[in-house]
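**Student:** Here's a structure for you.
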Amino acid sequence: MKEVYRLIRRLGATSKYKGYYFVAEAVKISMESQERPIRITKDIYPCLAKKFKSTPMNVEHDIRTVINVCWTMNKNDLDRIAGYPLIYKPTNSEFVDMLAYYLLQNDN
């Protein structure tokens, strides 16, 4: 989990954002479930909302806020993590998938 937090911080988001923890947990869930597709709105948001005593809508919004921060603060690293230059800001599911895939690839 330390690697997930380190990566999110490197992109410019800190624990002052609630979404910081949501992104970290979503990436962890995604990394553990690589053998099947993850549906972020059906699988991840409700799970995180329950765990953090929030709502799926707030989880979605807070993750989007972290993406906006990362996009603004450190787009170059985001491009590197994606493996190609991003033309548009990633969606929540794209962002979580990018981070999970990057961490899994660099774990070897």
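The values are calculated or read from the model by the stated rules, or taken from the named source; none is laboratory data. Quick caveat, the model's predicted, so the values are computed rather than measured. Heads up, the Cβs are rebuilt from the backbone with ideal geometry, glycines too, and the neighbour counts pull from every protein chain shown. Keep in mind that these areas ignore ligands, DNA and RNA; they rest on the heavy atoms of the full protein, side chains included. Shrake-Rupley method; radii C 1.70, N 1.55, O 1.52, S 1.80 Å.
**Student:** I'd like to know if segment 64-73 contains one or more residues that are more than 14 Å from the chain's Cα centre (by Cα), under 16 Å from Phe95 (Cα atoms) and touching a residue at least 12 places away in the same chain (Cβ under 8 Å). Break it down into steps so the answer makes sense when it comes.
**Tutor:** Start the filter on segment 64-73 by keeping residues that are more than 14 Å from the chain's Cα centre (by Cα), which leaves 72-73.
Among the residues that remain, those that are also under 16 Å from Phe95 (Cα atoms) are: 72-73.
Now narrow it down to the ones that are touching a residue at least 12 places away in the same chain (Cβ under 8 Å): 72-73.
Yes.
**Student:** For segment 31-73, how many residues are open to solvent by 40 Å² or more (accessible area, probe 1.4 Å), modelled with pLDDT under 95 and not in a helix (DSSP H, G or I)?
**Tutor:** 6
**Student:** Would it be correct to say that Ile87 is within 18 Å of Tyr21 (Cα to Cα), modelled with pLDDT of 95 or more and of a type in the set (Val, Ile, Thr)?
**Tutor:** So Ile87 fails the test.
**Student:** I would also like to ask the following. Taking the condition of being open to solvent by less than 60 Å² (accessible area, probe 1.4 Å), farther than 16 Å from Glu60 by Cβ and either assigned to a loop (DSSP other than H, G, I, E, B) or β-branched (Val, Ile, Thr) (or both), how many residues in segment 83-101 meet it?
**Tutor:** The total comes to 1.
**Student:** Here is a further query. Any chance you could count how many residues in segment 1-28 are farther than 22 Å from Pro56 by Cβ and in contact (Cβ under 8 Å) with a residue 40 or more places away in the chain?
**Tutor:** Number of matching residues: 5.
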